[in-house]
Amino acid sequence: MLPPAVALAAALITRHVVLSLALGGLSGFVLAAGGNPLTGSIRFLEEGLFDQLADKSHASLLVLILVIGGFVGLLEQSRGMVTFAVRIARWVK
């Protein structure tokens, strides 16, 4: 129960979801390593990140999520998201 609680608390405090999920995963690996932060961190990097990113489908999904996130950020900066929301609101009503 601790890793999800760490991830949720970090997300609420920092408002950075990816960082918060990484902290939750790291806390799980530290717990699995018997509370040893060094061993848990190394296993998190080796098994949690590198092995997962080596899988082609996981890596392509991560790239897709990053592209979508970048596009949403671009829309927010250009105020295009507000225009999009206004137009959708007219269409939905």
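The values are calculated or read from the model by the stated rules, or taken from the named source; none is laboratory data. Here the structure is a predicted model, which is why all the values come from computation and not from measurement. Cβ atoms come from the backbone with ideal geometry, glycine included; neighbour counts cover every protein chain shown. Calculation scope for accessible area: heavy atoms of the full protein, side chains included, ligands and nucleic acids excluded. Shrake-Rupley method; radii C 1.70, N 1.55, O 1.52, S 1.80 Å.
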Review point. Of the residues in segment 73-88, how many are open to solvent by less than 80 Å² (accessible area, probe 1.4 Å) and part of a helix (DSSP H, G or I)?
Key: 9
Revision key, fill the gap. All-but-one check, residue 31 against (1) in contact with a Pro (Cβ under 8 Å, 6 or more places away or on another chain); (2) open to solvent by less than 80 Å² (accessible area, probe 1.4 Å), failing number (2)
Exercise for review: Report whether or not residue 15 is surrounded by fewer than 11 Cβ atoms within 10 Å (Cβ to Cβ) and without any contact (Cβ under 8 Å) to a residue 24 or more places away in the chain.
Suggested key: yes
Practice item. Say whether the condition of being open to solvent by less than 80 Å² (accessible area, probe 1.4 Å), at positive phi and over 15 Å from the mean Cα position of the chain (by Cα) is met by at least one residue in segment 37-49. Key: no
Check your understanding: Regarding residue 21, is this residue surrounded by 10 or more Cβ atoms within 10 Å (Cβ to Cβ) and part of a helix (DSSP H, G or I)?
Key -> yes
